[in-house]
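To keep things clear, I will list the structure first and then write my remarks on it.
The values are calculated or read from the model by the stated rules, or taken from the named source; none is laboratory data. All figures in this text were calculated on a predicted structure; none of them were measured in a lab. FYI the Cβ positions are ideal-geometry reconstructions off the backbone, even for glycines, and counts take in every protein chain you see. Heads up: the accessible areas ignore ligands, DNA and RNA and are worked out on the full protein's heavy atoms, side chains in. Shrake-Rupley method; radii C 1.70, N 1.55, O 1.52, S 1.80 Å.
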Amino acid sequence: MHPKAMFLYGTNKEDKSPNFALFTWITGCWNGEDSIMVCIGENKLTKDRILAEGKFSANLVSEAMIPLADYFGNNSGYNANKMNIEINVGRGEVLDIPILTDSPLIYELEVTRHIALEEDSSIFVCKVHNVIKPKKMKTDGESNNLEDLVALAPPALTIGYEYFTVEPTSKGSWGQWKEKGDNNG
């Protein structure tokens with residue numbers, strides 16, 4: 001059990017209509033540049049479409065999006081009627097992928113490496129082609145992490161089988177205690 005941010009991955013179906021599914025195994029990584037690494041277990045339409053096209057969106061789930069995330073997380077992409085709901089869908093600014101315009105933070109991702117794991121699981125290392133973020137967020141070099149977190153409306157987390165939100169309160173900065181605490185790490 002550990003807290004995980006929730007993302008709705010957007011892929012193109014074969015007919016180019018949108019497909020979204022809920023995932024939590026996502027993190028940053030280094031692959032010669034800042035990258036995103038995701039893991040998808042089992043057979044899923046989203047994984048099939050990522051393997052077919054090599055691109056997808058990762059749409060951060062905010063508190064207001066929890067019901068939508070729950071819906072997408074509990075309905076199979078192989079169900080032909082899954083996408084027969086009203087949602088605000090757009091297209092990526094750089095990649096031809098579906099995005100959820102209500103998401104406070106969207107990554108446009110291209111797979112640069114696929115690692116097949118046991119039992120139909122896959123790790124995808126992805127290049128970030130674009131980040132769509134709230135206008136309230138500062139530009140690079142001017143960032144205030146607390147203000148940026150507040151701009152994310154607040155983001156939702158899951159722990160076990162429960163949903164939570166992040167109430168942004170800074171507890172300090174990296175290196176703040178380097179002279180006061182245990183430096184053995």
query: So which residues in segment 96-136 are free of Cβ contacts under 8 Å to residues at least 60 places away in the same chain, assigned to a loop (DSSP other than H, G, I, E, B) and polar (S, T, N, Q)?
result: T101
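Quickly run through segment 3-20 and pick out the residues that are in a loop (DSSP other than H, G, I, E, B) and open to solvent by less than 80 Å² (accessible area, probe 1.4 Å). Break it down stepwise before answering.
The initial filter retains those residues of segment 3-20 that are in a loop (DSSP other than H, G, I, E, B), namely 3, 6, 13-17.
M6, K13, S17 - these are the residues of segment 3-20 that are in a loop (DSSP other than H, G, I, E, B) and open to solvent by less than 80 Å² (accessible area, probe 1.4 Å).
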query: Out of all the residues in segment 3-21, is one or more within 21 Å of D120 (Cβ to Cβ) and at pLDDT below 95?
result: yes
Count of residues meeting criterion [open to solvent by 70 Å² or more (accessible area, probe 1.4 Å), modelled with pLDDT under 95 and closer than 19 Å to G28 by Cβ] in segment 86-121: 0
statement: Picked from segment 21-33 (must be of a type in the set (S, T, N, Q) and part of a loop (DSSP other than H, G, I, E, B)), the residue nearest to L109 (Cα to Cα) is N31
- prompt: Residues in segment 34-55 that are within 23 Å of R91 (Cβ to Cβ), open to solvent by 30 Å² or more (accessible area, probe 1.4 Å) and in a strand (DSSP E or B): how many?
  reply: 1
